[in-house]
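Report on the following structure.
A short reminder: the numbers here are calculations on the coordinates, not readings from a lab. Owing to the predicted nature of the structure, the values given are computational and were not obtained by experimental measurement. Every residue, glycine among them, receives a Cβ derived from its backbone with ideal geometry; neighbour counts consider all protein chains shown.
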Amino acid sequence: MEFRKEVEVAKILVGGKVEENVVEIRYDPLTLQTSRILKKTIPMQSGDFQEEIESTKSWCPFCPERIEQMASRDPEIMKGELWKRGEGVLFSNLTPYSRYSLVLRLTEEHYVPVSEFRQQHFYDAFKLIQEYVKKVPDGKYYITIGMNYLKPSGSSIMHPHIQVMISEVSTDYFARLEWSALEFKESKGVDYWKKLAEVEKEGERYVGRTEKTDWIAAFAPKGFFHFTGIPEEREFAEMSDEQFNGIAEGIVKILKYYGKKGLNAFNFSMFCADRIGEHFRTNINIVARTPFAKYYWCDVFYPKMFHDESVVFFVPEEYASEIKEIWNEL
Ligand SMILES: [Zn+2]
């Protein structure tokens, strides 16, 4: 496993003096996809958006008083019912992304500050989704579970919700992950994520452990404060309650850390190993987005849009050490 990077130094004149700026270009150890790390200050204060909370609440389809009427129903696997557990409600996506496409309403509250999500929210969500995944007919499907939270993350509805995409055709990046993982397993005899957890365990990007799960800061981040969770149990449909608790706890800890830094928007994606093969292991990736405020700024610009190149302003080894110090208190 190679952690390769190139460094470029740019010179600029500041007040008559030459200043040197370092840009690090890092290669993802699995896919070799590159990310650029440069140091830049961005506004980290979220400001007040109470007006947005109130106005979106007046029409929100996921709020308890509307969800029964407005949620779209799955006529096949769910037989027209909504599946519920704790505060979680599972139903069909009105605008499907794939053959099986679901939405999971995560909380009863319309708006939840990132630091206030609870382990139970995610645990119940995973249990409901697992029940569904187990009923999907035989065949090769690519299963991803993702979340966008608040407008900077691309979310059109504020109310916390998770999306599930179960497709016969992988997304572009999932395909890249899969063939890179196959090559890795064939040459090293072990799956990439298991090896990554082993290699990173003693290193400066290791963050901490929750039940049956290791958490690390990604070497070549795809977004701000990118963390990866690596579960002991490989396939989502087979995961135990302990495994779900471990994943849910890790997500909540990272969200609390984001909250402490003044960040409020995030994306996560879980790439599931189910129906793929021994070379793949379910892995969870989470990034913070620029904070939502009245005039928030979007962090996806032309390098990401057209070059598929992530540009980030924070160094993984630095934030790994910061979160590691407080991991047990989060
Ligand atoms: Zn709502």
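Cα centroids of the range 168-210 and the range 87-156: 24 Å apart.
How much net charge surrounds residue 273 when only the other residues with a Cβ under 10 Å from the Cβ of residue 273 are counted, with Lys and Arg +1 and Asp and Glu -1? Don't jump to the answer; show the numbers that get you there.
Working: positive: 234, 275, 281; negative: 178, 191, 233, 235, 238, 274, 278.
Counting the neighbours of residue 273, the net charge comes to -4.
Along the Cα-to-Cβ line of residue 52, 7 Å from the Cα, sits a label point; which residues in the range 105-147 have backbone N less than 14 Å from it? Residues 111-114 qualify, since their backbone N sits under 14 Å from the label point.
Only one residue of 273, 227, 288 has its Cα farthest out toward the positive end of the dipole of the chain, where Lys and Arg carry +1 and Asp and Glu -1 on Cβ, and that residue is 288. For the pair residue 5 and residue 315, label points projected 7 Å from Cα toward Cβ lie 0.7 nm apart. For the range 41-329, which semi-axes, largest first and in whole Å, follow from the square roots of 5 times the eigenvalues of its Cα gyration tensor? So the three semi-axes of the range 41-329 are 27, 25, 18 Å. Extension gain, residue 23-residue 278: 0.36 nm per intervening residue step, less the Cα-Cα distance, totals 88.1 nm. Other residues with beta-carbon under 11 Å from the beta-carbon of residue 189 carry, at +1 per Lys or Arg and -1 per Asp or Glu, a net charge of +1. The Rg/Rh ratio for the range 1-101 is 1.25, where Rg is the radius of gyration of the alpha carbons and Rh is the Kirkwood radius.
Compute the signed sum of charges (Lys and Arg +1, Asp and Glu -1) over the other residues within less than 10 Å, Cβ to Cβ, of residue 241. Result for the local shell: -1.
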